[in-house]
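Reading through the C-alpha coordinates given below for one structure.
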Amino acid sequence: MGKAPKKIHAYYIFSILMFYFIITVISICLYPEPYSLFNHISNLGSKSANPNGYLLWNIGTVILGLLFIPHMIYIHNYFISLSPRLNILNYSLGIISSIGWSLVGVFREDFITAHFITASIAFIGLLITLDLDFVIICNRKSEFANKVHFRVILIHYILLNIIFLISIILPNLDYFFPDISLNSPWLTYPPWEWFYFTILLLLILNLFLFIPKNTEKAITID
(Lines give C-alpha, C1' and ligand atoms only; values in the text may rest on other atoms or scores of the structure.)
Protein backbone atom coordinates (compact mmCIF):
# COMPACT_ATOMS: atom_id res chain seq x y z
CA MET A 1 0.00 0.00 0.00
CA GLY A 2 1.24 3.49 -0.83
CA LYS A 3 3.95 2.33 -3.25
CA ALA A 4 2.31 2.99 -6.63
CA PRO A 5 4.17 5.12 -9.21
CA LYS A 6 3.56 8.82 -8.72
CA LYS A 7 1.60 9.09 -11.99
CA ILE A 8 -0.81 6.35 -10.89
CA HIS A 9 -1.18 7.82 -7.42
CA ALA A 10 -1.85 11.24 -8.98
CA TYR A 11 -5.02 9.82 -10.54
CA TYR A 12 -5.93 8.44 -7.12
CA ILE A 13 -5.54 11.63 -5.08
CA PHE A 14 -7.07 13.91 -7.73
CA SER A 15 -10.04 11.55 -8.07
CA ILE A 16 -10.84 11.38 -4.36
CA LEU A 17 -10.50 15.15 -3.93
CA MET A 18 -12.76 15.76 -6.94
CA PHE A 19 -15.23 13.23 -5.54
CA TYR A 20 -15.36 15.11 -2.23
CA PHE A 21 -15.68 18.47 -3.98
CA ILE A 22 -18.69 17.19 -5.96
CA ILE A 23 -20.27 15.69 -2.83
CA THR A 24 -19.84 19.00 -0.98
CA VAL A 25 -21.31 21.07 -3.82
CA ILE A 26 -24.34 18.76 -4.07
CA SER A 27 -24.84 18.91 -0.29
CA ILE A 28 -24.70 22.72 -0.40
CA CYS A 29 -27.30 22.72 -3.20
CA LEU A 30 -29.55 20.49 -1.07
CA TYR A 31 -29.20 22.76 1.96
CA PRO A 32 -32.68 24.15 2.73
CA GLU A 33 -31.48 27.71 3.37
CA PRO A 34 -28.93 29.94 1.62
CA TYR A 35 -25.50 28.53 2.51
CA SER A 36 -22.36 30.67 2.82
CA LEU A 37 -18.91 30.87 4.40
CA PHE A 38 -20.64 31.87 7.62
CA ASN A 39 -22.19 28.43 8.01
CA HIS A 40 -20.22 25.72 9.77
CA ILE A 41 -18.87 23.03 7.45
CA SER A 42 -20.47 20.43 9.69
CA ASN A 43 -23.89 21.98 9.08
CA LEU A 44 -23.79 20.07 5.80
CA GLY A 45 -23.76 16.81 7.73
CA SER A 46 -26.41 17.77 10.28
CA LYS A 47 -29.72 15.95 9.95
CA SER A 48 -31.55 18.86 11.55
CA ALA A 49 -29.83 21.58 9.51
CA ASN A 50 -29.57 19.75 6.18
CA PRO A 51 -32.24 17.02 6.13
CA ASN A 52 -31.98 16.46 2.37
CA GLY A 53 -28.21 16.39 1.99
CA TYR A 54 -26.77 15.32 5.35
CA LEU A 55 -26.54 11.60 4.52
CA LEU A 56 -24.75 12.21 1.22
CA TRP A 57 -22.17 14.50 2.82
CA ASN A 58 -21.55 12.17 5.75
CA ILE A 59 -21.07 9.17 3.46
CA GLY A 60 -18.65 11.22 1.35
CA THR A 61 -16.74 12.25 4.49
CA VAL A 62 -16.43 8.65 5.68
CA ILE A 63 -15.18 7.54 2.26
CA LEU A 64 -12.69 10.41 1.95
CA GLY A 65 -11.21 9.72 5.39
CA LEU A 66 -10.69 6.04 4.59
CA LEU A 67 -9.21 6.80 1.17
CA PHE A 68 -6.80 9.27 2.77
CA ILE A 69 -5.08 6.39 4.61
CA PRO A 70 -3.26 5.02 1.52
CA HIS A 71 -2.33 8.58 0.59
CA MET A 72 -0.79 9.27 3.98
CA ILE A 73 1.15 6.02 3.71
CA TYR A 74 2.29 7.02 0.22
CA ILE A 75 3.61 10.39 1.41
CA HIS A 76 5.41 8.96 4.43
CA ASN A 77 7.00 6.22 2.34
CA TYR A 78 8.95 9.07 0.72
CA PHE A 79 9.65 11.31 3.69
CA ILE A 80 11.97 9.29 5.88
CA SER A 81 12.06 11.00 9.24
CA LEU A 82 14.92 12.48 11.20
CA SER A 83 14.68 9.65 13.72
CA PRO A 84 12.83 6.33 13.97
CA ARG A 85 10.63 7.64 16.78
CA LEU A 86 9.59 10.75 14.86
CA ASN A 87 8.97 8.59 11.81
CA ILE A 88 6.62 6.29 13.73
CA LEU A 89 4.85 9.28 15.32
CA ASN A 90 4.33 11.06 12.01
CA TYR A 91 3.23 7.90 10.21
CA SER A 92 0.79 6.99 12.98
CA LEU A 93 -0.65 10.51 13.28
CA GLY A 94 -1.40 10.59 9.54
CA ILE A 95 -3.39 7.35 9.74
CA ILE A 96 -5.15 8.27 13.00
CA SER A 97 -6.10 11.68 11.59
CA SER A 98 -7.53 10.05 8.46
CA ILE A 99 -9.60 7.71 10.60
CA GLY A 100 -10.74 10.72 12.64
CA TRP A 101 -11.79 12.46 9.41
CA SER A 102 -13.84 9.41 8.49
CA LEU A 103 -15.47 9.33 11.94
CA VAL A 104 -16.60 12.95 11.48
CA GLY A 105 -19.09 11.52 8.98
CA VAL A 106 -20.19 8.84 11.46
CA PHE A 107 -20.67 11.21 14.40
CA ARG A 108 -22.42 14.05 12.62
CA GLU A 109 -22.84 17.52 14.09
CA ASP A 110 -25.99 16.47 15.94
CA PHE A 111 -23.80 14.34 18.25
CA ILE A 112 -21.96 17.37 19.62
CA THR A 113 -19.33 15.85 21.93
CA ALA A 114 -18.38 12.91 19.71
CA HIS A 115 -18.32 15.15 16.65
CA PHE A 116 -16.05 17.68 18.37
CA ILE A 117 -13.61 14.96 19.44
CA THR A 118 -13.39 13.30 16.02
CA ALA A 119 -13.10 16.65 14.20
CA SER A 120 -10.29 17.70 16.56
CA ILE A 121 -8.47 14.42 15.95
CA ALA A 122 -8.81 14.93 12.20
CA PHE A 123 -7.90 18.59 11.78
CA ILE A 124 -5.39 19.07 14.61
CA GLY A 125 -3.84 15.67 13.91
CA LEU A 126 -3.38 16.51 10.24
CA LEU A 127 -1.88 19.89 11.13
CA ILE A 128 0.72 18.23 13.36
CA THR A 129 1.42 15.57 10.73
CA LEU A 130 1.94 18.14 7.99
CA ASP A 131 4.10 20.33 10.22
CA LEU A 132 6.30 17.34 11.03
CA ASP A 133 6.60 16.68 7.29
CA PHE A 134 7.74 20.26 6.89
CA VAL A 135 10.43 19.75 9.54
CA ILE A 136 11.74 16.88 7.42
CA ILE A 137 11.63 18.99 4.25
CA CYS A 138 13.50 21.89 5.88
CA ASN A 139 16.13 19.58 7.29
CA ARG A 140 16.85 18.02 3.89
CA LYS A 141 15.76 20.80 1.53
CA SER A 142 19.09 20.67 -0.31
CA GLU A 143 17.95 17.37 -1.79
CA PHE A 144 14.98 18.98 -3.52
CA ALA A 145 15.81 20.48 -6.90
CA ASN A 146 12.71 22.68 -7.24
CA LYS A 147 13.52 25.68 -5.03
CA VAL A 148 10.54 27.67 -6.33
CA HIS A 149 8.15 24.91 -5.27
CA PHE A 150 9.85 24.84 -1.87
CA ARG A 151 9.04 28.53 -1.39
CA VAL A 152 5.43 27.86 -2.40
CA ILE A 153 5.27 25.03 0.13
CA LEU A 154 6.75 27.33 2.80
CA ILE A 155 4.09 30.01 2.19
CA HIS A 156 1.41 27.33 2.21
CA TYR A 157 2.56 26.03 5.59
CA ILE A 158 2.72 29.53 7.07
CA LEU A 159 -0.83 30.27 5.89
CA LEU A 160 -2.16 27.01 7.29
CA ASN A 161 -0.72 27.60 10.75
CA ILE A 162 -1.69 31.29 10.87
CA ILE A 163 -5.28 30.55 9.88
CA PHE A 164 -5.43 27.77 12.46
CA LEU A 165 -4.40 30.27 15.15
CA ILE A 166 -6.85 32.88 13.83
CA SER A 167 -9.67 30.33 13.96
CA ILE A 168 -8.95 29.84 17.65
CA ILE A 169 -8.32 33.47 18.65
CA LEU A 170 -10.93 35.54 16.77
CA PRO A 171 -14.06 33.66 17.89
CA ASN A 172 -12.95 34.08 21.51
CA LEU A 173 -12.18 37.80 21.45
CA ASP A 174 -15.43 38.60 23.23
CA TYR A 175 -14.30 36.40 26.11
CA PHE A 176 -11.08 38.35 26.52
CA PHE A 177 -12.67 41.74 25.77
CA PRO A 178 -16.25 41.52 27.14
CA ASP A 179 -16.71 45.29 27.15
CA ILE A 180 -16.09 45.62 23.42
CA SER A 181 -18.92 44.93 20.99
CA LEU A 182 -17.62 42.63 18.26
CA ASN A 183 -20.45 41.73 15.90
CA SER A 184 -18.66 41.12 12.62
CA PRO A 185 -19.37 37.69 11.10
CA TRP A 186 -15.65 37.55 10.22
CA LEU A 187 -14.95 37.27 13.94
CA THR A 188 -16.88 34.01 14.11
CA TYR A 189 -15.47 30.53 13.59
CA PRO A 190 -17.14 29.33 10.32
CA PRO A 191 -15.30 31.45 7.69
CA TRP A 192 -11.90 30.60 9.17
CA GLU A 193 -12.92 26.97 9.44
CA TRP A 194 -13.61 27.02 5.69
CA PHE A 195 -10.29 28.73 4.93
CA TYR A 196 -8.42 26.22 7.10
CA PHE A 197 -10.28 23.28 5.57
CA THR A 198 -9.55 24.45 2.00
CA ILE A 199 -5.87 25.23 2.60
CA LEU A 200 -5.43 21.91 4.40
CA LEU A 201 -6.69 19.96 1.38
CA LEU A 202 -4.62 22.08 -1.01
CA LEU A 203 -1.49 21.53 1.09
CA ILE A 204 -2.02 17.78 1.12
CA LEU A 205 -2.19 17.95 -2.68
CA ASN A 206 0.76 20.34 -2.94
CA LEU A 207 2.90 18.13 -0.72
CA PHE A 208 2.18 15.19 -3.02
CA LEU A 209 3.25 17.25 -6.04
CA PHE A 210 6.46 18.21 -4.22
CA ILE A 211 7.74 14.70 -3.50
CA PRO A 212 10.14 12.98 -5.92
CA LYS A 213 8.73 10.90 -8.76
CA ASN A 214 10.71 7.76 -8.01
CA THR A 215 11.34 5.89 -4.79
CA GLU A 216 15.06 5.89 -5.43
CA LYS A 217 14.97 9.70 -5.27
CA ALA A 218 13.27 9.77 -1.89
CA ILE A 219 14.93 11.34 1.10
CA THR A 220 17.23 8.94 2.94
CA ILE A 221 19.13 9.17 6.19
CA ASP A 222 22.90 9.01 5.83
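His40 versus Ala114, label points 7 Å from Cα toward the beta carbon: distance in nm?
If labels sit at His40 and Ala114, their model points lie 1.6 nm apart.
Ranked from the most accessible area to the least, with a 1.4 Å probe and all protein chains present, what is the order of Arg108, Arg151?
Working: Arg108 55, Arg151 130 Å².
From most accessible down to least: Arg151, Arg108.
Loop only per DSSP, at most 15 neighbouring Cβ atoms within 10 Å: give me the chymotrypsin sites (Phe, Trp or Tyr not before Pro) in the stretch 13-73, ordered by residue number. Let's see the in-between values first.
Working: sites: Phe14, Phe19, Tyr20, Phe21, Tyr35, Phe38, Tyr54, Trp57, Phe68; in loops: Tyr35, Phe38.
When the chymotrypsin sites (Phe, Trp or Tyr not before Pro) of the stretch 13-73 are filtered for loop state and at most 15 Cβ neighbours within 10 Å, Phe38 remain.
Based on the Cβ-Cβ distance from Val148 to Ala10, what FRET efficiency comes out when R0 is 25 Å, to the nearest 0.05?
On the way: r = 20 Å, r/R0 = 0.79.
Here the calculated transfer efficiency is 0.80.
For Ile73 paired with Leu205, estimate the spin-label separation in nm (one decimal), with each label point 7 Å from Cα along the Cα-to-Cβ line.
That separation, rounded to one decimal, is 2.4 nm.
The values are calculated or read from the model by the stated rules, or taken from the named source; none is laboratory data. Values in this document were obtained by computation on a predicted structure and should not be read as measured data. Note: ideal-geometry Cβ built from the backbone for every residue, glycine included; neighbour counts use all protein chains shown. These area figures cover heavy atoms from the full protein model, side chains too; ligands, DNA and RNA do not enter into them. Shrake-Rupley method; radii C 1.70, N 1.55, O 1.52, S 1.80 Å.
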